[in-house]
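Each value in this text was obtained by applying a stated rule to the coordinates, not by laboratory testing. Note that the structure is a prediction, hence the values are computed from the model and not measured.
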Amino acid sequence: GEVLEAYVSKRRDRKAALVCLKKLMKRYGKAQEILTDRLRSYHAAVKVIGNETSQETGRWLNNRCENSHLPFRRREFAMLKFRRLRSLQKFLSVHASVHNHFNHERHLTKRKIFKLQRNAALIEWQQLSMA
């Protein structure tokens, strides 16, 4: 699973969901399908945007989304050092892109292919960091 973006907010109300959805839509465009859990604030936010027909809610529909955030959940304890939400958000936005770049899910590929992908990612990362 690939993490598109991670957003941090103090509350999980309609206002926070709206901010998140607007940021995502601004960056990735209008979504054909939005998978969420059954939290009512998501439905209210999607209703405000006017994208109600594209929202899918279900018990296991967003498992990929939830599982892609598991590594983030494990590091939450270490992230308590961040005193401001803004500094945590800056870290997360950079971390998501770096995590996607290097996370090749070793258990799903053969070792030879994994090593080739890892080396290609390292070379690309070195080129990006030199520029």
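In this structure, the pairs whose alpha-carbon distance is over 24 Å, taken from K22/K90; K47/K81; K15/K90; K23/K90; K26/K81; K47/K90, are K47/K81; K26/K81; K47/K90. Here's how it looks for L35: its modeled amide H is under 5 Å from those of E56, which are all 5 or more places away or on a different chain.
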